[in-house]
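Below is one structure; the comments refer to it alone.
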Amino acid sequence: MASKSIKIRAKLKNGTTTIKALITHPMESGRRKNKETKELIPAEFIQEVACVYKGETLLNVDCGAGLSMDPYVSFDFEGGAKGDQVKLSWVDNLGNSDSAETKIR
Amino acid sequence: MGALYPIAAISFLAPSVALSSGWPKEAFQATELSDAMQLLLGETSPTEQADRIRVEAPDLADDGAMVRVKVMTDLPDIDSLTIFSPKNPVPLIANFKFTSKVKGVIGTRIKMAATGDIVAVVKSGGKFYSGRKRVKVTLGGCA
(Lines give C-alpha, C1' and ligand atoms only; values in the text may rest on other atoms or scores of the structure.)
Protein backbone atom coordinates (compact mmCIF):
# COMPACT_ATOMS: atom_id res chain seq x y z
CA MET A 1 0.00 0.00 0.00
CA ALA A 2 1.72 3.17 -1.19
CA SER A 3 2.04 5.87 1.43
CA LYS A 4 3.05 9.46 0.90
CA SER A 5 4.63 9.97 4.28
CA ILE A 6 5.64 6.61 5.77
CA LYS A 7 8.60 4.39 5.04
CA ILE A 8 8.40 1.17 7.00
CA ARG A 9 10.48 -2.01 7.18
CA ALA A 10 9.71 -5.17 9.12
CA LYS A 11 12.48 -7.73 9.47
CA LEU A 12 12.31 -11.12 11.16
CA LYS A 13 15.42 -12.52 12.81
CA ASN A 14 15.67 -15.29 15.41
CA GLY A 15 11.99 -15.15 16.27
CA THR A 16 11.91 -11.38 16.75
CA THR A 17 10.52 -8.90 14.25
CA THR A 18 12.10 -5.45 14.15
CA ILE A 19 9.97 -2.59 12.86
CA LYS A 20 11.63 0.59 11.63
CA ALA A 21 9.47 3.47 10.48
CA LEU A 22 10.34 6.91 9.18
CA ILE A 23 7.54 9.42 8.80
CA THR A 24 7.80 12.64 6.82
CA HIS A 25 6.22 15.33 8.99
CA PRO A 26 7.22 18.86 10.10
CA MET A 27 6.50 18.27 13.83
CA GLU A 28 6.06 21.98 14.46
CA SER A 29 5.38 22.83 18.08
CA GLY A 30 3.65 26.13 17.38
CA ARG A 31 6.30 27.93 19.42
CA ARG A 32 8.73 28.64 16.57
CA LYS A 33 8.75 31.98 14.79
CA ASN A 34 9.23 32.54 11.10
CA LYS A 35 12.54 34.42 11.00
CA GLU A 36 11.42 36.84 8.32
CA THR A 37 7.82 37.58 9.20
CA LYS A 38 8.33 37.12 12.98
CA GLU A 39 5.01 35.27 13.07
CA LEU A 40 4.49 32.01 14.92
CA ILE A 41 4.57 28.95 12.69
CA PRO A 42 1.32 27.11 13.47
CA ALA A 43 1.47 23.90 15.45
CA GLU A 44 1.49 20.84 13.22
CA PHE A 45 2.66 17.66 14.91
CA ILE A 46 1.80 13.98 15.07
CA GLN A 47 -0.12 13.08 18.21
CA GLU A 48 -0.66 9.36 17.78
CA VAL A 49 1.11 6.52 16.01
CA ALA A 50 -0.34 3.03 15.94
CA CYS A 51 1.15 -0.23 14.75
CA VAL A 52 -1.16 -3.13 13.97
CA TYR A 53 -0.23 -6.76 13.31
CA LYS A 54 -2.80 -9.31 12.14
CA GLY A 55 -5.64 -7.00 13.05
CA GLU A 56 -4.41 -6.46 16.61
CA THR A 57 -2.77 -3.36 18.01
CA LEU A 58 0.89 -3.98 18.82
CA LEU A 59 1.95 -0.55 19.94
CA ASN A 60 0.28 2.83 20.39
CA VAL A 61 2.33 5.97 20.80
CA ASP A 62 1.06 9.26 22.22
CA CYS A 63 3.50 11.91 21.15
CA GLY A 64 4.10 15.59 20.74
CA ALA A 65 6.34 18.08 19.04
CA GLY A 66 9.26 16.90 21.20
CA LEU A 67 9.86 14.19 18.65
CA SER A 68 12.22 15.39 15.94
CA MET A 69 10.99 16.52 12.56
CA ASP A 70 10.44 13.46 10.35
CA PRO A 71 9.84 11.13 13.28
CA TYR A 72 11.70 7.86 13.44
CA VAL A 73 10.41 5.00 15.54
CA SER A 74 11.89 1.55 15.95
CA PHE A 75 10.73 -1.33 18.10
CA ASP A 76 10.82 -5.14 18.30
CA PHE A 77 8.14 -7.70 18.92
CA GLU A 78 8.17 -11.42 19.65
CA GLY A 79 6.97 -13.53 16.77
CA GLY A 80 5.88 -12.55 13.34
CA ALA A 81 6.34 -14.64 10.22
CA LYS A 82 7.69 -13.81 6.80
CA GLY A 83 4.92 -12.49 4.61
CA ASP A 84 2.71 -11.28 7.47
CA GLN A 85 1.35 -7.75 7.15
CA VAL A 86 2.23 -4.96 9.55
CA LYS A 87 0.40 -1.64 9.36
CA LEU A 88 1.47 1.72 10.78
CA SER A 89 -0.75 4.81 11.02
CA TRP A 90 -0.47 8.33 12.37
CA VAL A 91 -2.80 11.22 13.19
CA ASP A 92 -1.74 14.79 13.81
CA ASN A 93 -3.24 17.73 15.68
CA LEU A 94 -4.83 19.09 12.51
CA GLY A 95 -6.66 15.85 11.82
CA ASN A 96 -4.35 14.78 9.02
CA SER A 97 -3.43 11.11 8.90
CA ASP A 98 -1.70 8.49 6.83
CA SER A 99 -0.99 4.79 7.02
CA ALA A 100 1.24 2.23 5.36
CA GLU A 101 1.52 -1.53 5.26
CA THR A 102 4.49 -3.72 4.77
CA LYS A 103 5.24 -7.42 4.72
CA ILE A 104 7.62 -8.94 7.22
CA ARG A 105 10.81 -10.04 5.43
CA MET B 1 -5.97 42.22 17.10
CA GLY B 2 -3.73 39.88 15.08
CA ALA B 3 -2.00 38.70 18.26
CA LEU B 4 -5.13 36.85 19.41
CA TYR B 5 -5.21 34.54 16.40
CA PRO B 6 -2.28 32.22 17.24
CA ILE B 7 -3.68 31.60 20.74
CA ALA B 8 -7.04 30.60 19.32
CA ALA B 9 -5.40 28.35 16.73
CA ILE B 10 -3.23 26.56 19.29
CA SER B 11 -6.18 25.75 21.55
CA PHE B 12 -7.98 23.99 18.71
CA LEU B 13 -5.90 20.83 18.94
CA ALA B 14 -8.46 18.01 18.98
CA PRO B 15 -7.88 15.65 16.03
CA SER B 16 -10.92 14.68 14.03
CA VAL B 17 -9.65 11.12 13.63
CA ALA B 18 -8.59 9.42 16.86
CA LEU B 19 -6.66 6.16 16.73
CA SER B 20 -6.92 5.26 20.38
CA SER B 21 -8.50 6.33 23.63
CA GLY B 22 -7.51 9.97 23.52
CA TRP B 23 -4.41 12.08 23.43
CA PRO B 24 -3.32 13.17 26.96
CA LYS B 25 -3.55 16.89 26.32
CA GLU B 26 -2.80 18.17 29.84
CA ALA B 27 0.33 16.04 30.12
CA PHE B 28 1.52 17.46 26.79
CA GLN B 29 0.96 20.97 28.09
CA ALA B 30 2.80 20.52 31.40
CA THR B 31 5.97 22.58 31.60
CA GLU B 32 7.51 20.76 34.57
CA LEU B 33 8.64 17.12 34.57
CA SER B 34 6.84 16.28 37.82
CA ASP B 35 3.54 17.69 36.53
CA ALA B 36 3.89 15.82 33.25
CA MET B 37 4.58 12.56 35.10
CA GLN B 38 1.71 13.11 37.49
CA LEU B 39 -0.76 13.92 34.70
CA LEU B 40 0.30 11.12 32.38
CA LEU B 41 1.24 8.33 34.78
CA GLY B 42 -0.16 9.34 38.14
CA GLU B 43 3.34 8.90 39.54
CA THR B 44 6.00 11.45 40.37
CA SER B 45 8.66 9.25 42.00
CA PRO B 46 9.57 6.28 39.85
CA THR B 47 12.28 4.05 41.28
CA GLU B 48 15.63 4.82 39.71
CA GLN B 49 16.69 1.54 38.15
CA ALA B 50 19.79 2.29 36.13
CA ASP B 51 20.78 -1.38 35.98
CA ARG B 52 17.48 -2.43 34.39
CA ILE B 53 16.74 0.57 32.14
CA ARG B 54 19.45 1.75 29.81
CA VAL B 55 19.04 5.05 27.96
CA GLU B 56 21.46 5.23 25.05
CA ALA B 57 22.11 8.66 23.58
CA PRO B 58 25.22 10.55 22.57
CA ASP B 59 27.31 12.16 25.33
CA LEU B 60 27.44 15.23 23.11
CA ALA B 61 24.77 16.23 20.61
CA ASP B 62 25.73 18.85 18.04
CA ASP B 63 22.17 19.37 16.98
CA GLY B 64 19.53 19.47 19.68
CA ALA B 65 16.83 19.19 17.04
CA MET B 66 17.65 15.55 16.40
CA VAL B 67 19.06 13.49 19.25
CA ARG B 68 19.01 9.72 18.68
CA VAL B 69 17.87 7.81 21.71
CA LYS B 70 17.42 4.11 22.36
CA VAL B 71 15.83 2.86 25.55
CA MET B 72 16.44 -0.75 26.51
CA THR B 73 14.98 -2.54 29.49
CA ASP B 74 14.78 -6.13 30.64
CA LEU B 75 11.94 -5.37 33.03
CA PRO B 76 9.01 -7.74 32.49
CA ASP B 77 5.34 -7.12 31.84
CA ILE B 78 5.69 -3.62 30.41
CA ASP B 79 2.60 -1.42 30.14
CA SER B 80 4.36 1.68 28.93
CA LEU B 81 7.69 3.29 28.24
CA THR B 82 7.73 7.08 28.42
CA ILE B 83 10.45 9.45 27.29
CA PHE B 84 10.92 12.88 28.87
CA SER B 85 13.37 15.70 28.24
CA PRO B 86 12.98 17.79 31.41
CA LYS B 87 14.74 20.86 29.99
CA ASN B 88 12.31 21.16 27.06
CA PRO B 89 9.43 23.68 27.26
CA VAL B 90 7.21 20.58 27.20
CA PRO B 91 9.14 17.79 28.97
CA LEU B 92 6.86 14.95 27.81
CA ILE B 93 8.15 13.65 24.47
CA ALA B 94 6.33 10.39 23.83
CA ASN B 95 4.51 7.61 25.63
CA PHE B 96 4.83 4.14 24.09
CA LYS B 97 1.93 1.93 25.13
CA PHE B 98 2.95 -1.71 24.91
CA THR B 99 1.10 -4.94 24.30
CA SER B 100 2.56 -8.20 25.54
CA LYS B 101 4.44 -9.10 22.33
CA VAL B 102 6.48 -5.88 22.29
CA LYS B 103 10.04 -6.16 23.63
CA GLY B 104 11.68 -3.64 25.91
CA VAL B 105 13.53 -1.75 23.20
CA ILE B 106 12.47 1.57 21.71
CA GLY B 107 14.47 3.73 19.31
CA THR B 108 13.55 7.24 18.25
CA ARG B 109 14.86 10.78 17.71
CA ILE B 110 13.97 13.66 19.97
CA LYS B 111 14.44 17.39 20.34
CA MET B 112 16.44 18.65 23.28
CA ALA B 113 16.28 22.34 24.11
CA ALA B 114 19.42 22.35 26.25
CA THR B 115 22.00 20.18 28.00
CA GLY B 116 20.22 17.87 30.38
CA ASP B 117 18.90 14.40 30.99
CA ILE B 118 16.78 12.19 28.83
CA VAL B 119 14.56 10.35 31.29
CA ALA B 120 12.81 7.08 30.48
CA VAL B 121 10.04 5.82 32.75
CA VAL B 122 8.91 2.23 32.41
CA LYS B 123 5.71 0.87 33.93
CA SER B 124 6.41 -2.77 34.72
CA GLY B 125 4.17 -5.02 36.74
CA GLY B 126 2.13 -1.99 37.74
CA LYS B 127 5.12 -0.12 39.19
CA PHE B 128 7.23 2.70 37.81
CA TYR B 129 10.97 2.66 37.22
CA SER B 130 13.29 5.12 35.54
CA GLY B 131 16.62 5.43 33.84
CA ARG B 132 18.37 8.49 32.50
CA LYS B 133 21.22 9.70 30.34
CA ARG B 134 22.84 13.11 30.44
CA VAL B 135 23.34 14.68 27.03
CA LYS B 136 25.41 17.77 26.41
CA VAL B 137 23.69 19.84 23.73
CA THR B 138 25.73 22.31 21.70
CA LEU B 139 22.91 23.87 19.71
CA GLY B 140 19.51 23.59 21.39
CA GLY B 141 16.69 22.24 19.26
CA CYS B 142 13.59 24.42 19.10
CA ALA B 143 11.44 22.10 21.13
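The values are calculated or read from the model by the stated rules, or taken from the named source; none is laboratory data. Everything numeric here is computed off the predicted structure, so don't read it as measured data. Glycine also receives a Cβ, built like all others from the backbone with ideal geometry; neighbour counts cover every protein chain displayed. Note: areas computed on protein heavy atoms with side chains; ligands, DNA, RNA excluded. Shrake-Rupley method; radii C 1.70, N 1.55, O 1.52, S 1.80 Å.
Beyond 23 Å, what share of the Cα-Cα pairs of the range A:22-105 remains, rounded to the nearest whole percent?
In whole percent, the long-distance tail amounts to 32.
Determine the gain in length on full extension of the stretch B:Glu56-B:Glu26; use 0.36 nm per residue of separation and subtract their C-alpha separation, reporting nm with one decimal.
That pair, B:Glu56 and B:Glu26, stretches by 8.0 nm at full extension.
Suppose R0 equals 22 Å. What FRET efficiency, 1/(1 + (r/R0)^6) with r the Cβ-Cβ distance, do A:Glu101 and A:Leu12 give to the nearest 0.05?
Plugging the Cβ-Cβ distance into 1/(1 + (r/R0)^6) gives 0.90.
Summarise the partner chain shielding of A:37-50 as one whole number: the mean count of Cβ atoms from other chains within 10 Å of each residue's Cβ.
Rounded to a whole number, the mean comes out at 4.
Be a star and scan the range B:27-67 for residues whose amide nitrogen sits under 17 Å from the point 7 Å along the Cα-to-Cβ vector of A:Arg31.
It comes to B:27-37, B:64-67, nothing else.
How much length is gained on full extension from B:Gln38 to B:Arg68, taking 0.36 nm per residue of separation minus their Cα-Cα distance?
Between B:Gln38 and B:Arg68, full extension yields 8.2 nm more.
Of A:Lys54/B:Lys111; B:Lys101/B:Lys123; A:Lys103/B:Lys101; A:Lys33/B:Lys25; A:Lys87/B:Lys97; A:Lys7/B:Lys127, which sit over 26 Å apart, Cα to Cα?
Over 26 Å apart, Cα to Cα: A:Lys54/B:Lys111; A:Lys7/B:Lys127.
I'd like the accessible area for B:Arg134, computed on protein heavy atoms only with a 1.4 Å probe and all protein chains in place. Round to 10 Å², please.
Solvent-accessible area, nearest 10 Å²: 140 Å².
Ratio of Rg to Rh for the protein assembly as shown, alpha carbon only, Kirkwood?
Rounded to two decimals, Rg over Rh is 0.96.
Could you order B:Glu43, B:Glu48 by accessible surface area, starting with the largest, using a probe radius of 1.4 Å?
Sorted descending by solvent-accessible area, the residues read B:Glu48, B:Glu43.
Of A:Met69, A:Met27, which has the most accessible area and how do the rest follow, probe 1.4 Å?
A:Met69, A:Met27
Given Cβ point charges of +1 (Lys, Arg) and -1 (Asp, Glu) and nothing else, what value in debye, to the nearest 20, does the dipole of the range B:20-143 about its Cα centre take?
Result for the range B:20-143 is approximately 320 debye, rounded to the nearest 20.
Based solely on its DSSP helices, what 222 nm [θ] is calculated for the protein assembly as shown when runs of n ≥ 4 H residues each add -39,500 (n - 2.57) and the sum is averaged over all residues, nearest 500 deg cm²/dmol?
-2000 deg cm²/dmol
Compute the distance in nm between two label points, each set 7 Å from the Cα along the Cα-to-Cβ direction, one at B:Ser45 and one at A:Ser3.
Rounded to a tenth, the inter-label distance reads 4.2 nm.
What is the magnitude of the charge dipole of the protein assembly as shown about its Cα centre, with +1 placed on the Cβ of each Lys and Arg, -1 on the Cβ of each Asp and Glu, and no other charges, expressed in debye to the nearest 20?
Computed about the Cα centre, the dipole is about 760 debye.
Considering only protein heavy atoms, what is the solvent-accessible area of B:Thr108 at a probe of 1.4 Å, reported in Å² to the nearest 10?
We get 0 Å² for B:Thr108.
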